[in-house]
Amino acid sequence: MTTAFPDWRQLWRRSRIQLTDLLFPPECAVCHVDLAAGDDLAMCVDCRQQLVPQTPTRRCRQCGAENAAPPDDRGRCSHCRDGRWHFASVTPLGNYDGSLRRAVLLMKLWQREPLSLAIGRLTAESLSEPLSELGISLVVPIPMHWTRRLWRATNSPDLVAESLAHAMGVNDDGRCLVRVRHTEQQSILAPTKRAENVHHAFRVRDGHDVNGRVVLLVDDILTTGATCNDAARALRAAGASDVHVCVVARAAHNA
Ligand SMILES: [Zn+2]
Ligand SMILES: [Zn+2]
């Protein structure tokens, strides 16, 4: 953490998870099969193989979408060549379908917080090579508006970011960004309305320093990239030297 104040949400979550670990034997965070004590990934081999693509895919560097057509000389697909991007790249764990889609949906339930933490560690392990090349100095999750958080009681990008940062050996700051206004859920809007919906929706919280930092912005799903783009705009405006995005699942352009 970069702030002088303790993050009470993080402390509470950690102690709750440690207590659960004490009371119950370790199990796979996806299918609940028993695991050997000391299994750091908290996920069985079968589930890990189902969640992570076995064959490398060619992706657009800018938006992370899987590419059939060859990218341009800057590695971008035809969808994002003309866009105004505030982040430099998107690195997804996989596509938003099959087992990974189911896992991302389960992560939204507070009872499945250990799953979000396990997915964060899996992301760090599977993407260690591309992520290490980015020179990241701070990991920041996309926050929820407090009204939605009250209803949901968990924000999976917070947990993914926390365990991803821990596994990468980099600082994380779960309170860096704040949503300055309530926005409609992006998934219920037409793709053309999404940028407008999140326009100037984020700012960097007072007292949180991102000046000169290379920030890794973390979210669970990326579709048009509008949410991450506005969050990256806020980080760059506050002095971040560069922003990259890491998401658990990349949805198809027409989702
Ligand atoms: Zn499993
Ligand atoms: Zn693209």
Original post:
Residues in the stretch 178-188: is at least one within 22 Å of Gly83 (Cβ to Cβ), open to solvent by less than 60 Å² (accessible area, probe 1.4 Å) and aliphatic (A, V, I, L, M)?
Top reply: no
Original post:
In the stretch 51-68, is there at least one residue being within 16 Å of ligand 1 (Cβ to nearest atom) and more than 21 Å from Gly225 (Cα to Cα)?
Top reply: yes
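Residue by residue, here is whether (1) under 19 Å from Ile136 (Cβ atoms); (2) among the aromatic types (Phe, Trp, Tyr); (3) not in a strand (DSSP E or B) holds:
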{"site": "Gly212", "(1), (2), (3)": "yes, no, yes"}
{"site": "Leu216", "(1), (2), (3)": "yes, no, no"}
{"site": "Ile221", "(1), (2), (3)": "no, no, no"}
{"site": "Thr227", "(1), (2), (3)": "no, no, yes"}
{"site": "Leu235", "(1), (2), (3)": "yes, no, yes"}
{"site": "Gly239", "(1), (2), (3)": "yes, no, yes"}
{"site": "Val245", "(1), (2), (3)": "yes, no, no"}
{"site": "Val248", "(1), (2), (3)": "yes, no, no"}
{"site": "Ala252", "(1), (2), (3)": "no, no, yes"}
Subject >> Inter-residue pairs, beta-carbon under 6 Å, first part of a loop (DSSP other than H, G, I, E, B) and in the stretch 22-34, second more than 16 Å from ligand 2 (Cβ to nearest atom) and at pLDDT below 65, 6+ apart >> reply: Pro26/Asp39
Subject >> Condition met for Arg121 (of a type in the set (D, E, K, R), out of contact with any Phe, Trp or Tyr (no Cβ under 7 Å at 6 or more places or on another chain), in a helix (DSSP H, G or I) and closer than 26 Å to Asp209 by Cα) >> reply: yes
**OP:** Tell me which residues, restricted to the stretch 47-83, are over 16 Å from Ala251 (Cα atoms), open to solvent by 60 Å² or more (accessible area, probe 1.4 Å) and in contact (Cβ under 8 Å) with a residue 24 or more places away in the chain.
**Re:** Arg48, Gln50
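The values are calculated or read from the model by the stated rules, or taken from the named source; none is laboratory data. Treat the numbers as computed from the prediction; the structure is a model and nothing was measured. Note: ideal-geometry Cβ built from the backbone for every residue, glycine included; neighbour counts use all protein chains shown. Side chains are part of the model used for accessible areas, which takes the heavy atoms of the whole protein and leaves out ligands, DNA and RNA. Shrake-Rupley method; radii C 1.70, N 1.55, O 1.52, S 1.80 Å.
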